[in-house]
Structure formats: structure tokens, C-alpha cells
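Q: For reference, the structure I am asking about is given below.
The values are calculated or read from the model by the stated rules, or taken from the named source; none is laboratory data. Every value quoted in this text rests on a predicted model; they were computed, and no experiment measured them. Positions of Cβ are backbone-derived with ideal geometry, glycine not excepted, and every protein chain shown enters the neighbour counts. Note: areas computed on protein heavy atoms with side chains; ligands, DNA, RNA excluded. Shrake-Rupley method; radii C 1.70, N 1.55, O 1.52, S 1.80 Å.
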Amino acid sequence: MGSMKLLQLIMVVGVVGIMFASSHKALGEQDCYADKRTILRVCINSIKISGDYDPPSYLCRHLVGISDMACICRVLWPSDEHIVSAAKLIRLASDCGQALHVGSKCGSLTVETQHRHNKAAHVREN
């Protein structure tokens, strides 16, 4: 009888753990979408498709520095890429101390090398 209660307790703890992990991830993704909207709005001069890459403003640099840029890149949709450049977003992340790992996806691009010393990261289209 005691072993049955222990098994039930273990199962309940496991289910609660799974529920917590699932809800935490969903919450994180929701936060990532809000961060994406903010970064795209505040940093538009650096990442817009037209024109050259402009160094980020102080506010943009600060916001990128505290954001999960890998998550933002994962949720960069094709519709976003009509307005912003994924390549410039990768460079922005690096310039602000949030360099994406090689192999990471950013919208339609994959990071192939790290961005270093004001040279563009090598990327390829997916």
C-alpha cells in the first residue's frame, strides 16, 4: 500500500513539473514576441532593409543587450523581412554583445561565422 502512494506521488510531481516547464516556455515565447516588436521599432534605423547599416542608438544598444536575440531571430517571420534585414539584425546582435551562435537561424538566414571587428558575419539563406 505504501509503495502505491509513493508511485502516485512521483507521478503527480512529474506531471506538475511537465506542466510548469510547458507554461514557462510558452510565457518565454510570448515575452520574446514583445521583445521582437520593441527591437524592430526602436532599432529600425540599424536594421531596415534599405540603406546601409547604421550604428545602433544608445537605447537600441541597451535593449538588444538585455534581450534574447536568439529567440527574436527564431521568430523573425518572412513578413518581417519585408521591412528589416536579417543580416543587419545578426550584425546588430553581435555589435551589442549578443552574438548568435554559428548554425543559429535568424529569419531566412543561418549564421555561418561569428561577426567580429566590424566585419559582417557570413550567413546563408535557408
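Q: Could you tell me how many of the residues in the stretch 57-90 are closer than 13 Å to N45 by Cβ and out of contact with any Cys (no Cβ under 8 Å at 6 or more places or on another chain)?
A: Residues in the stretch 57-90 being closer than 13 Å to N45 by Cβ and out of contact with any Cys (no Cβ under 8 Å at 6 or more places or on another chain): 6 in total.
Q: Return the residues of the stretch 46-72 that are over 15 Å from G97 (Cβ atoms) and open to solvent by less than 30 Å² (accessible area, probe 1.4 Å); say none if nothing qualifies.
A: Selection gives I47, C71.
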